[in-house]
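Participant: Below you'll find the structure I mean.
The values are calculated or read from the model by the stated rules, or taken from the named source; none is laboratory data. Computed from a predicted structure; not experimentally measured. Quick reminder, even Gly has a Cβ in these numbers, built from the backbone with ideal geometry, and neighbours come from all protein chains shown.
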Amino acid sequence: MNAAVFTAIKQPLACQTVPDPVAAPGQAVVRLKAAALNHRDLWIQLGQYAGIKAPMILGSDGAGVVESVGAAGDQAWVGREVILNPALDWGPDPRAQGPAFRILGLPDAGTFAEKIAISTANLAPKPAHLAWEQAAALPLAGLTAWRALFTRAQLRAGERVLITGTGGGVALLALQLAVAAGAEVWATSGSAEKLARAQALGASGGVNYREAGWAAQLLQTAGGPFDVIIDSAGGEDFARLIELTRPGGRIAFFGATAGNPPGLDLRKCFFRQINVLGSTMGSPVDFAGMTMLVAARKIVPVVDRVFPLAAADAALRHLEASAQFGKIVLSC
Ligand SMILES: NC(=O)c1ccc[n+]([C@@H]2O[C@H](COP(=O)([O-])OP(=O)(O)OC[C@H]3O[C@@H](n4cnc5c(N)ncnc54)[C@H](OP(=O)(O)O)[C@@H]3O)[C@@H](O)[C@H]2O)c1
């Protein structure tokens, strides 16, 4: 089969012919129709991720048709249209993943390929209202956004939530899920055009985080602080998020795209009873909750652009430039 292979740090992904995957007991082979990029793929290519090994087929998101099932597996999966849950072996504790937990696409071979072997426990029916590219865009971003919003931050209908860096893949799905759940959603972005598009998806408004004084401007525009903030940027602006949270409010974060926050004023955090909640991916229960809301409310992940599998490296460069609004997808 063809695959886009990570061969070494800071080298372009190489389009290569590699052996077809074989389903081990408990696994299925899925003929992929589409795969989607995540920032993780870029961190790995840049050498900024733990446990890097090469050669490796990257890619955590995929959708396709089950071609075969390994020994003693449930043959009912064969021929079904599926999406892949990229959170492998979460473990028994819903509060945190166990020691066997892995994210699809390192160390296990990922979705930037024509086929993949994956445990049948990580297959879920493709939501019927989604095209292949939209379905591939859903799993990792939807799962991460769901857990941060609902399992960790316990967002409720009518609450005010701020989503930072809304053009990002997870952030935009968080915006869509929060709107569907009846929250009042505000956004930040580095681009006025992306803020306008966020409003078209149901955000009440937003500000550009590149402008000086953006936090004060947002407090004024939004009419006060937020019950919940969802962040994956971290960096210098994380201190602003504490000021933007109402006393007793929640900040759920799952990334540090802009680095670790310098100069945090911890007093503002504890005196105002702020809950700062780390979050990563999600449990099988989170994944089921996310797909149920997506199916019930016919949520359609925003696909920024589709590249052919052979142009996977060009797709990563597009992600690196933060040029996207939503998910970047590969057609397999
Ligand atoms: N822990 C987990 O389970 C988990 C899961 C998924 C992702 N992540 C992490 O979360 C982050 C986002 O992942 P992704 O795949 O959604 O990435 P992505 O699609 O590449 O989106 C990144 C977005 O970050 C925003 N951004 C950049 N600098 C910012 C800043 N200083 N302030 C606010 N926003 C900023 C930009 O938004 P605009 O375009 O709107 O300016 C950009 O589009 C990455 O660090 C990733 O590693 C963690």
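Participant: Is it the case, given these coordinates, that Ala222 is among the aliphatic types (A, V, I, L, M), under 15 Å from Val185 (Cβ atoms) and in contact with a Lys or Arg (Cβ under 9 Å, 6 or more places away or on another chain)?
Facilitator: Yes; evaluated as a whole, the condition is true for this residue.
Participant: Can you tell me which residue among Gly73, Gly64 is modelled with pLDDT under 95 and either away from the ligand (no atom under 16 Å from the Cβ) or assigned to a strand (DSSP E or B) (or both)?
Facilitator: Gly73
Participant: Are any of the residues in the range 240-261 within 10 Å of the ligand (Cβ to nearest atom) and more than 30 Å from Tyr49 (Cα to Cα)?
Facilitator: no
Participant: Also, I was wondering about something else. Taking only the range 295-317 into account, find how many residues are within 19 Å of Gln45 (Cβ to Cβ) and either among the charged types (D, E, K, R) or touching an Asp or Glu at 6+ places or on another chain (Cβ under 8 Å) (or both).
Facilitator: Qualifying residue count for the region: 6.
Participant: For Gly255, which of the numbered conditions (1) surrounded by fewer than 22 Cβ atoms within 10 Å (Cβ to Cβ); (2) assigned to a strand (DSSP E or B) fails to hold?
Facilitator: (2)
Participant: Out of (1) surrounded by fewer than 22 Cβ atoms within 10 Å (Cβ to Cβ); (2) within 26 Å of Met290 (Cβ to Cβ); (3) within 20 Å of the chain's Cα centre (by Cα), the odd one out for Trp77 is which?
Facilitator: Against the list (1) surrounded by fewer than 22 Cβ atoms within 10 Å (Cβ to Cβ); (2) within 26 Å of Met290 (Cβ to Cβ); (3) within 20 Å of the chain's Cα centre (by Cα), Trp77 comes up short only on (3).
Participant: Only one of these conditions is not met by Asp237: (1) surrounded by fewer than 24 Cβ atoms within 10 Å (Cβ to Cβ); (2) within 9 Å of the ligand (Cβ to nearest atom); (3) within 16 Å of the chain's Cα centre (by Cα). Which number is it?
Facilitator: Failed condition: (3).
Participant: Restricting to the range 179-201, name every residue that is within 15 Å of the ligand (Cβ to nearest atom) and outside any strand (DSSP E or B). Reasoning before the result, please.
Facilitator: Residues of the range 179-201 within 15 Å of the ligand (Cβ to nearest atom): 185-201.
Hits for the range 179-201 are Gly190, Ser191, Ala192, Glu193, Lys194, Leu195, Ala196, Arg197, Ala198, Gln199, Ala200, Leu201.
Participant: Still on this structure, I have one more. Of the residues that make up the range 132-148, is at least one farther than 25 Å from Leu42 by Cβ and either of a type in the set (A, V, I, L, M) or in contact (Cβ under 8 Å) with a residue 60 or more places away in the chain (or both)?
Facilitator: Checking the range 132-148: not a single residue is farther than 25 Å from Leu42 by Cβ and either of a type in the set (A, V, I, L, M) or in contact (Cβ under 8 Å) with a residue 60 or more places away in the chain (or both).
Participant: Still on this structure: What's the number of the condition Gln324 fails, among (1) within 18 Å of Ala145 (Cβ to Cβ); (2) away from the ligand (no atom under 16 Å from the Cβ); (3) at pLDDT below 95?
Facilitator: Gln324 satisfies all of (1) within 18 Å of Ala145 (Cβ to Cβ); (2) away from the ligand (no atom under 16 Å from the Cβ); (3) at pLDDT below 95 except (2).
Participant: Among (1) outside any helix (DSSP H, G or I); (2) farther than 19 Å from Leu175 by Cα; (3) more than 15 Å from the ligand (Cβ to nearest atom), there is one condition Phe270 misses while meeting the rest; what is its number?
Facilitator: (1)
Participant: Quickly run through the range 157-175 and pick out the residues that are of a type outside the set (Val, Ile, Thr), part of a loop (DSSP other than H, G, I, E, B) and touching a residue at least 40 places away in the same chain (Cβ under 8 Å). Even if it seems obvious, please write down each step before you answer.
Facilitator: The initial filter retains those residues of the range 157-175 that are of a type outside the set (Val, Ile, Thr), namely 157-160, 162, 165, 167-169, 171-175.
Adding the requirement that they be part of a loop (DSSP other than H, G, I, E, B) leaves 157-159, 165, 167-168.
Glu159, Gly165, Gly167, Gly168 - these are the residues of the range 157-175 that are of a type outside the set (Val, Ile, Thr), part of a loop (DSSP other than H, G, I, E, B) and touching a residue at least 40 places away in the same chain (Cβ under 8 Å).
Participant: Right, another one. Which one is surrounded by the fewest Cβ atoms within 10 Å (Cβ to Cβ), of the residues in the range 34-61 that are more than 16 Å from the ligand (Cβ to nearest atom) and more than 19 Å from the chain's Cα centre (by Cα)?
Facilitator: Lys53
Participant: Of these, Ala113, Ala200, Ala174, Ala181, which one is crowded, with 21+ Cβ neighbours inside 10 Å and not assigned by TED's automatic domain parsing to the domain that holds Lys327? Don't jump to the end; show me each part of the working.
Facilitator: On the way: Ala113 fails: not assigned by TED's automatic domain parsing to the domain that holds Lys327; Ala200 fails: crowded, with 21+ Cβ neighbours inside 10 Å; Ala181 fails: crowded, with 21+ Cβ neighbours inside 10 Å.
Result: Ala174 is the single residue among Ala113, Ala200, Ala174, Ala181 that is crowded, with 21+ Cβ neighbours inside 10 Å and not assigned by TED's automatic domain parsing to the domain that holds Lys327.
Participant: Does Thr144 count as surrounded by 24 or more Cβ atoms within 10 Å (Cβ to Cβ) and either within 11 Å of the ligand (Cβ to nearest atom) or not assigned by TED's automatic domain parsing to the domain that holds Phe254 (or both)?
Facilitator: yes
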